[in-house]
Amino acid sequence: LTMASETAETTTSELSNVGLYGLAVMGQNFALNMAEHGFKVSVCNRSPQKVDVTVQRAVDEGNLPLVGFHDIPSFVASLERPRKIIILVMAGKPVDDTIAA
């Protein structure tokens, strides 16, 4: 799997164009679609397993430019400025938890 180290420094050339937080069915497919169209995408999710599954799908579907993160600070640091983050989470408590993080 292509997982970014949670403590690794990221150089400007390695920064992602866009981030996507929330990897249910729609989030996974949206992230992979952006990567297929040439955008470097960083992904993150509350449950690390969904990050790992999405990263593996990116590898299996043609080694797409997608990098997974298990923590929000590393995820945010992986993005070029101005940062663009798409948040796809279920309404209710998941939204509240995401905003609080």
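Points worth noting:
- Total residues in the range 51-68, condition in a loop (DSSP other than H, G, I, E, B) and buried (at least 22 other Cβ atoms within 10 Å of the Cβ): 1
- Only residues that are under 20 Å from Arg83 (Cβ atoms) and surrounded by 15 or more Cβ atoms within 10 Å (Cβ to Cβ) were counted in the range 32-50, giving 10.
Each value in this text was obtained by applying a stated rule to the coordinates, not by laboratory testing. Note that the coordinates shown come from a computational prediction; the quantities given were computed from them, not determined experimentally. Quick reminder, even Gly has a Cβ in these numbers, built from the backbone with ideal geometry, and neighbours come from all protein chains shown.
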